[in-house]
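The values are calculated or read from the model by the stated rules, or taken from the named source; none is laboratory data. These numbers were taken from a predicted model, which means no experiment stands behind them. All Cβ positions, even for glycine, are placed from backbone atoms using ideal geometry, and neighbour counts span all protein chains on display. Accessible surface is based on the protein model in full, side chains and every heavy atom, while ligands, DNA and RNA are left aside. Shrake-Rupley method; radii C 1.70, N 1.55, O 1.52, S 1.80 Å.
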Amino acid sequence: MIPFDAAEMPLRIGTPLYGLVPAGLGTAFQESLRGYLVRLAVEHNVKPRELVGRVLATIDPSIADWCYARFFSANALTIDGLGSYAKAFSEALNRGTGRRDLQTLTLQPWEGLLAPNGHPLLARVPRWCSCCLSGTDASHLANRDRLGRDEASYWQLRWSLSVVTRCPIHDCALVDRCPRCGRQQPAIPRQPSLTRCDHCGHALGGNGRSGEVSDSSDGSTEGSAIVDGMISIQRRLNRPPRENWTSFLQEAVIKLGDGRRATLCRRMGFQPRALNAWLRGEERTALEVVVRLCAALRCSAESVFADGGSEPSAEPQKRPGRQAVRHPQQIRDAAGARLVQAVRDEAPLPLKRLAESVGVSRAYMKYWHADLAARLIDTRAGEARHRRCAQLRERAAFIETQIAEALQSGVVPGRNRMERLVRAAGFSLLEDGWLDFYREILRRHALLA
């Protein structure tokens, strides 16, 4: 159990559940709603899924429709997001515990800004920092007073975000598998435990080696700091974040793009149409885009989304654009000559391999030598059809021969026997209509009505 101050625990008056105080409130390491649900089940000595089915489903009848295995194992991951699951569970838990702030354990404060689809917002499987869950190393103890909580006892909201891949406290990659059995954990576990594998019961904390999530550019230190800043201020947002985001973009266009959106987009590496849609409020933004743009402009989350925030830096980090490659005339002629020769060959190479042999791309060949490239593609397609027809004829003859040999030896060519024979030959009766062909031959021999 987490040793909370009793003064922080609101009285349980007229509510079916204890008003458990979320961990890490107001920090970048604040608790997720899924983790809060499991801790609440521990406090009431029930299993998390029973808490959902017997209590929360009574508070909100729509939750009863989600009490099935697939939801508990995978779909419930979006409880930490900003969709219908997050809204229903946060409201039900608020009503059940008497609290009013549990929606801040999800990404709902960013609902008007962040898009729930497109680039993945949430990780596809539960992840965690094994050092945080073990809670025994020196760095954990050093940060214990700073967080004001025993960080080994709760699941952080930042672990649920796809752009976060490392723990800033222990400087290790997040993991997504049990160090003993190697299995991934369900979104809502069967057992009331946050630190034990739901399958084998082994401790999920360890040395941070087994099941590490590979690093990515989105999981950079600067990007993680921006995400952490967004989590830490989402309880203090005084107005919709879209308004601050729009104002920030407009200021960036004036100061960094000389008043032209296209100039800003070129410097930032974004499409002009996307920026127009954000400014007009027609589209919501992916979290990965917010992280990239804030990192490029060297702005913290608080400076962008807090009221009266600071202006963006005048020297953004430029994103290198893709440079157009212009090949000389001799390369173009060589590519044409290779295409002419390939069209004449009996077994021509694919267009991509021909392009690589000359040092150009497949699109280059199709652009400068459209007719020859089309002839090569048609030639190879025709040869592929010819080989396919020959293969079908061979397989049909094989089936007829096997049936005839079986009848000559006095054996009924049953389906199981024939399936074993054709599988040994590299195909199956269940593909390409061979089962109907097999039955038709049996009808010819009066073996099938």
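A few points about this structure:
- Test for ILE403: is it at negative phi and either touching a Pro at 6+ places or on another chain (Cβ under 6 Å) or among the aromatic types (Phe, Trp, Tyr) (or both): yes
- Reported count of residues in region 255-273, each being within 28 Å of the chain's Cα centre (by Cα), surrounded by fewer than 16 Cβ atoms within 10 Å (Cβ to Cβ) and part of a helix (DSSP H, G or I), is 3.
- Of all residues making up region 88-112, the number that are farther than 23 Å from TYR18 by Cβ, at pLDDT 90 or above and either open to solvent by 20 Å² or more (accessible area, probe 1.4 Å) or in contact with a strand residue (DSSP E or B) (Cβ under 9 Å, 6 or more places away or on another chain) (or both): 2
- Per-region count, region 401-435, residues closer than 19 Å to ARG388 by Cα, of a type in the set (D, E, K, R) and not in a loop (DSSP other than H, G, I, E, B): 1
- Residues being assigned to a helix (DSSP H, G or I) and within 21 Å of TRP159 (Cβ to Cβ) - total across region 52-86: 12
- Picking from residues in region 30-62 that are within 24 Å of the chain's Cα centre (by Cα) and open to solvent by less than 20 Å² (accessible area, probe 1.4 Å), the one that is farthest from GLY98 (Cα to Cα) is GLN30.
- GLU440 out of contact with any helix residue (DSSP H, G or I) (no Cβ under 7 Å at 6 or more places or on another chain), assigned to a loop (DSSP other than H, G, I, E, B), closer than 15 Å to ALA396 by Cβ and open to solvent by 30 Å² or more (accessible area, probe 1.4 Å): no
- Candidates TYR18, TYR85 - the one that is in contact with a His (Cβ under 8 Å, 6 or more places away or on another chain), under 30 Å from GLY229 (Cα atoms) and at pLDDT below 95: TYR18
- Filtered residues of region 408-437 (kept if open to solvent by less than 30 Å² (accessible area, probe 1.4 Å) and among the hydroxyl-bearing types (Ser, Thr, Tyr)): SER428
- Residue ID - modelled with the highest pLDDT, chosen from residues in region 297-319 that are open to solvent by less than 90 Å² (accessible area, probe 1.4 Å) and either under 19 Å from THR263 (Cβ atoms) or among the β-branched types (Val, Ile, Thr) (or both): VAL304
- All of (1) of a type in the set (Gly, Ala, Ser); (2) more than 16 Å from ARG95 (Cα to Cα); (3) assigned to a loop (DSSP other than H, G, I, E, B) hold for GLY35 with one exception: (3).
- Single residue of region 169-193 satisfying the filter (assigned to a loop (DSSP other than H, G, I, E, B), open to solvent by less than 20 Å² (accessible area, probe 1.4 Å) and in contact (Cβ under 8 Å) with a residue 40 or more places away in the chain) that is farthest from LEU33 (Cα to Cα): LEU174
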